[in-house]
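Notes follow once the structure below has been shown.
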Amino acid sequence: MAPPFVFPPNLQALEEDPEDNRLYAQSPVDIASLRSSEIEEFVKGLSFDLSDKELFCVEEQDVFDRVYSLVRSFSGLAPPCKLNVVESLRSNLSVLLPNIDSLARQDDDGMILDRIGSHRNAFKIYTFFLLSIVRDEEASVGSGNSSKVAATARKKQPLNSWNWEQQRGRVLNLIANSLEVNLSLLFGSSDPDENYLSFIAKNVFSMFENASLLKDLETKDALCRIIGSCASKYHYLAQSCASITHLIHKYDFVVTHMAEAVAGAERKYADGSLASSLIREIGRTNPKDYVKDTVGAENVGRFLVELADRIPKLISTNIGVLVSHFGGESYKIRNALVGVLGKLVAKAFKDVEGEVSSKSVRLRAKQAMLEILLERCRDVSAYTRSRVLHVWAELCEEHSVSIGVWNEVATVAAGRLEDKSAIVRKSALNLLITMLQHNPFGPQLRIASFETTLENYKKKLDELEPTTYENSVINGLSPEDLCNADGEIEDCNAETMSQEQQNSLPDSCLPHTEDAVASKDSSVPDVGNLEQTRALVASLEAGLRFSKCVSATMPNLVQLMASSSATDVENTILLLMRCRQFQIDGSEACLRKMLPLVFSPDKSIYEAVENAFITIYIRKNPVETAKNLVDLAVDSNIGDLAALESIIGALVSKGDITTTMVSALWDFFCFNVNGTTAEQSRGALSVLCMAAKSSAGILSSHIQDIIDIGFGRWAKVDPLLARTACIAIQRLSEEDKRRLMMSNGSRLFGILESLVTGFWLPEDIWYAAADKAIGAIYTLHSSPETLAAELVKKSLNSVFDVNGGDEIQKDIENCSTSGLTTIQVAKLSKFLFVVSHVAMNQLLYIEFCARKIRKQRSKKEKAEADGVALGEKPKENGISAELGLAASEDAFLDSLAEGAESEIISSSSSVKNLIGSCASFLSKLCRNFGLMQKVLDNFFISVSVYLMKTLFNHMQQRFSVLYESLRFNIRVGLFYCKHNFL
């Protein structure tokens, strides 16, 4: 019988002569000194002996020495030789494993002992050499990986090439299989000797340090099986726990694989000792150690969460040893424990079986975990608060939150919207979004609907309860037995039944209930007996509280939309969209307030607003889209309209608003849709004007409709329609404007003049309409100052209710009062408004003309410069520019512009243009402080800086007196105007 084989500390130690009688390499061969042909013959000879002789021939000294020699020089062998050696050793070990079971069937005791010893020796030798090959080959592959990759890329490998990854997986799988057979026949006990397990575990744990090796699924699975077998089947527990803990602290990439190995061992051997030992080891660790080792704390936390996800029931029985770390300073450990509790609540209590007492204990444990999660929402660390809110969101997604706890979570989430940390606010917003999406109360959460349904079922419950009371009396219970000390009817089981029904109530109950209570008078459907009705009432009460809780967050959401954090704004918009989907009260109004955010310089906020706008208002049905946009335009204020114009312009440019949607808007404007009101027509035209800013051709096809409807009888029904029509006229393309002037120019200017000087518009709307009408005149008219001067004169005449203005002006200049009468403040206010806006538009018109002249001259000079570059003869203008004469042209143009501006308010006898004809009246008007006080109160917001220029030109000496005599709010306005003018 051959000497026994003992695992050496390393491969080279086999050459040392041992003191005891053990197998070692007595005559190793120097493979490096052999030629390649000799090495091939050497390998073939060994392979033949291993396959031809018995399986345990490897313990023969000659065979053992040759195997050792090849394994020692394995990295230097050619690929075919490597393949032959590995396949020979692997095949022999794979055949040896089934033979181990046959040893138990041997009858001769002397023979069986010898065969067991030989099989044990061969088993150890094959295992040792195969693992040594894996270890050394991995070391050589890691050192020369780059050169091998380059060689592989240059040359295609032959069919018999060395595919190490495939061989490695086969070898390690064989080792894992060898640990799963009944080794007690070989080693005489259930646990193999320490030397064997130590060698296996040492090499396997060292392989876990190689991240690239773990990417191979077959190799990784084999290593995990080996660890599970050593620790759980052969009780190599303490050393395995120490090695796993070391790897987890040091390498983050092994966390998931170690958790898989531990969970696999528990499932395969129904033994959770390895997981329990690791959890106790983590629990015994001083919390301060995790503060120092932040990387280790994070890895340990991830490991715990992975374990809780894989073996939740086992972790739930050991969670008590970890709770103390909630008091530690490491927020990473607290984050991990929060995640562990979330996994346990979701998975550890799904199938509560066993006796009633055991079930009660497990339910109390679940409730305790939920209470800890609620408490951790107020953790000192923002990271932990954010993490626990994220865990609650995961529980809501998995429907692991009962109705009884639902509103507590919603209240906590609503409170965290005011948290000082942005990450906590983000998590709170996401939690509310998830709770709305997975709420157990139904697809509609209107408060009024819940209140109506709840009231009906409470009445039904009241009808059922007297029947129960009568049955109790009939069964022998007296009224005193049903009453408490206060004389109220007491039901001991009501709370328990209600709670159980809350947990088991299906989500489909409430939608049917809402459909049934569409009318107060309609009868509610029968849901069952008294207990089921009580459960439904309790569920409805919980749904009503939840709806009120979310609705109460609307003011906070409005504030968050003004936050400096882009994540706050984006997630708030998402939450409001979800609230609108479930018809939360106040969500529609809050969504309107997101429109001004389109002007945000942050691109992510702009995109969030645009995406939300498309989701809410843009539909596949063009009529529905048009109606949404019309209603939005009608209900928006001035700021929202500006934002809406920006969004619609962008959507038109991108093609999100299609031609069919534009056609639907025209149908609303032209009253082609049944039930269209004048207000909706005006809203449709307003949206079309916004779209025309990006594509002016949108208005081309309905110019006549704009004039007929915008200034026709419908303008008297909705006076703002005339103002919107004026805006539409200004948005026409240049070609459309020319066509309009040729066909309906005189009629249009007559309408605009009557709009300014007439009295058919309400006073509160006249100012807005007159502003746009004057702007339209200056946009379309070839000489707008002529028509504007007529508007000023007619407006002045309307103040005194006369037809001619010359006599009035002479009386004003001569200080005569014969022709003057009492005037109305409202008419005087309109006159001053017309004067101011004419002056303002005239200034803008002068600047526009000057800018147009400069642009034309610039184009001309550029064309001349391009001609000179092409070799043409320079013109005289180029010489003039070199002499500086071009600068004099700019100065001449500036003097013309200044002269035109001065003519606006000129009141000389020879030149009286625009408001200059009424300059004397304005000058004398400023002396009447009482009248000016009333006038300024009536229209001060509308008076522009340009009117103040007129006042200052004629009443400089009176300004200080006027300033001191007027009320405070008017003084502030005058001071603002003065500084803008200066």
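Brief remarks on what is shown
- Output for segment 641-671, where each listed residue is under 14 Å from P622 (Cα atoms) and in a loop (DSSP other than H, G, I, E, B): G655, D656, I657, T658
- Subset of segment 176-203 (residues that are under 18 Å from A261 (Cβ atoms) and among the acidic types (D, E)): E180
- Enumerated helices (runs of 4 or more DSSP H) restricted to segment 164-283, each holding at least 3 residues that are under 27 Å from L93 (Cα atoms) and of a type in the set (S, T, Y): 194-207
- Among the candidates K810, K827, K794, the residue that is open to solvent by 30 Å² or more (accessible area, probe 1.4 Å), assigned to a helix (DSSP H, G or I) and modelled with pLDDT under 80 is uniquely K810.
- Pair list, Cβ under 7 Å, 6 or more apart: segment 586-603 residue among the charged types (D, E, K, R), other residue not in a loop (DSSP other than H, G, I, E, B): E588/R580; R592/D640; K593/V558; D602/A566
- When the test is whether a residue is closer than 22 Å to K347 by Cα and aliphatic (A, V, I, L, M), A393 passes it.
- Residue in segment 23-40 that is of a type outside the set (A, V, I, L, M), open to solvent by 30 Å² or more (accessible area, probe 1.4 Å) and either closer than 24 Å to L113 by Cα or in contact with a strand residue (DSSP E or B) (Cβ under 7 Å, 6 or more places away or on another chain) (or both) present: yes
- Residue ID - modelled with the highest pLDDT, chosen from residues in segment 155-184 that are closer than 24 Å to G76 by Cα, open to solvent by 20 Å² or more (accessible area, probe 1.4 Å) and under 47 Å from the mean Cα position of the chain (by Cα): R170
Per-residue answers, yes or no, for (1) farther than 19 Å from I315 by Cβ; (2) modelled with pLDDT under 95; (3) assigned to a loop (DSSP other than H, G, I, E, B):
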| site | (1), (2), (3) |
| --- | --- |
| K350 | no, yes, yes |
| G354 | no, yes, yes |
| S358 | no, yes, no |
| R362 | no, yes, no |
| Q367 | no, yes, no |
| R378 | yes, yes, yes |
| S386 | yes, no, no |
| V391 | no, no, no |
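- Lone qualifier among S563, S547 - being open to solvent by less than 50 Å² (accessible area, probe 1.4 Å) and over 16 Å from A414 (Cα atoms): S563
- Condition check for A608: surrounded by 19 or more Cβ atoms within 10 Å (Cβ to Cβ) and of a type in the set (G, A, S): yes
- Cβ-Cβ under 8 Å pairs, at least 6 apart or on other chains, segment 127-147 side within 30 Å of F56 (Cα to Cα) and open to solvent by 20 Å² or more (accessible area, probe 1.4 Å), far side at pLDDT 90 or above and of a type outside the set (A, V, I, L, M, F, W, C): R135/N203; R135/S206; E138/R168; E138/N210
- When we screen D216, D193 for residues that are without any contact (Cβ under 8 Å) to a residue 24 or more places away in the chain and in contact with a helix residue (DSSP H, G or I) (Cβ under 8 Å, 6 or more places away or on another chain), the only hit is D193.
- D101 being open to solvent by 30 Å² or more (accessible area, probe 1.4 Å), part of a helix (DSSP H, G or I) and not aliphatic (A, V, I, L, M): yes
- Among the candidates S36, S69, S75, residue that is in contact with a Ser or Thr (Cβ under 7 Å, 6 or more places away or on another chain) and polar (S, T, N, Q): S75
- In this entry, R362 is excluded by the filter for residues that are crowded, with 21+ Cβ neighbours inside 10 Å, basic (K, R) and touching a residue at least 12 places away in the same chain (Cβ under 8 Å).
- Filtered residue count, segment 406-447, keeping only those that are open to solvent by 10 Å² or more (accessible area, probe 1.4 Å) and assigned to a helix (DSSP H, G or I): 18
- Whether a residue is in a helix (DSSP H, G or I) and open to solvent by less than 60 Å² (accessible area, probe 1.4 Å) was assessed, and G697 passes this test.
- Scanning segment 31-82 for residues that are under 24 Å from S140 (Cα atoms) and free of Cβ contacts under 8 Å to residues at least 12 places away in the same chain turns up S33, L34, R35, S37, E38.
- In summary, S276 fulfils each of the numbered conditions (1) under 21 Å from Y331 (Cα atoms); (2) surrounded by fewer than 21 Cβ atoms within 10 Å (Cβ to Cβ) with the single exception of condition (1).
- Taken over segment 1-19, the residue count meeting the criterion of being more than 60 Å from the chain's Cα centre (by Cα) and open to solvent by less than 100 Å² (accessible area, probe 1.4 Å) is 9.
- For segment 700-722, filtering for residues that are touching an Asp or Glu at 6+ places or on another chain (Cβ under 7 Å) and in a helix (DSSP H, G or I) leaves 2.
- Only one of V300, V295 that is at pLDDT 90 or above and crowded, with 18+ Cβ neighbours inside 10 Å: V300
- Filtered residue count, segment 570-601, keeping only those that are part of a helix (DSSP H, G or I) and either touching an Asp or Glu at 6+ places or on another chain (Cβ under 8 Å) or surrounded by fewer than 16 Cβ atoms within 10 Å (Cβ to Cβ) (or both): 8
The values are calculated or read from the model by the stated rules, or taken from the named source; none is laboratory data. Bear in mind that the values here come from a model prediction, so they are computed numbers and not experimental data. Using ideal geometry, Cβ is built from the backbone for each residue, glycine included, and neighbour counts are taken over all protein chains shown. Please note that ligands, DNA and RNA were not included when accessible areas were found on the heavy atoms of the full protein model with its side chains. Shrake-Rupley method; radii C 1.70, N 1.55, O 1.52, S 1.80 Å.
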